[in-house]
Amino acid sequence: MKFSETWYVIEKNKRLEVVSQTIYESLEPESFVMIQLFDSKREATSEVMRLIREQSKEALEKIIELEKNKPHSIK
């Protein structure tokens, strides 16, 4: 793996991002969390899409559970 061609999946400001090695090196260490690194931008982008799908699925499951447990109002 050539680090100059590395792509990173990071979480910054509560958002997932794909950044190049150059951008990664310019970030303040406290401003992000590194999730994973990849050999290509395509691999990194695929992982971000997978993570977003997973987060969406979990959020939908929580909403469905809340709706099931929601007290029904009587009119």
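Data overview
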item	result
Signed unit charges on C-beta, dipole axis of the chain, positive-most listed residue Pro29, Leu66, Met49	Leu66
Computed over the chain: relative contact order in percent, which uses C-alpha pairs under 8 Å that are six or more apart	30 percent
J(HN,Hα) series, region 31-42, from Karplus relation 6.51 cos²θ - 1.76 cosθ + 1.60, nearest Hz, glycine and proline x	8, 7, 10, 7, 8, 6, 10, 9, 6, 9, 5, 4
Rg/Rh ratio calculated on Cα atoms of the chain (Kirkwood radius)	1.25
Under-5 Å amide H pairs with Thr6, H placed in peptide plane, nonlocal only	Gln21
Integer Hz, Karplus 6.51/-1.76/1.60 couplings in order for region 7-19, x for Gly and Pro	10, 10, 9, 10, 10, 9, 6, 6, 10, 7, 9, 10, 10
Protein accessible area in the chain, 1.4 Å probe - carbon and sulfur %	54 percent
5 angstrom amide H check on Gln36, placed H, neighbours 5+ away	Val9
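The values are calculated or read from the model by the stated rules, or taken from the named source; none is laboratory data. Just so it is clear, the model here is predicted, and its values are computed rather than measured. So basically every Cβ, Gly included, is an ideal-geometry build from the backbone, and we count neighbours across all protein chains shown. Ligands, DNA and RNA are excluded from the accessible area calculation, which covers all protein heavy atoms including side chains. Shrake-Rupley method; radii C 1.70, N 1.55, O 1.52, S 1.80 Å.
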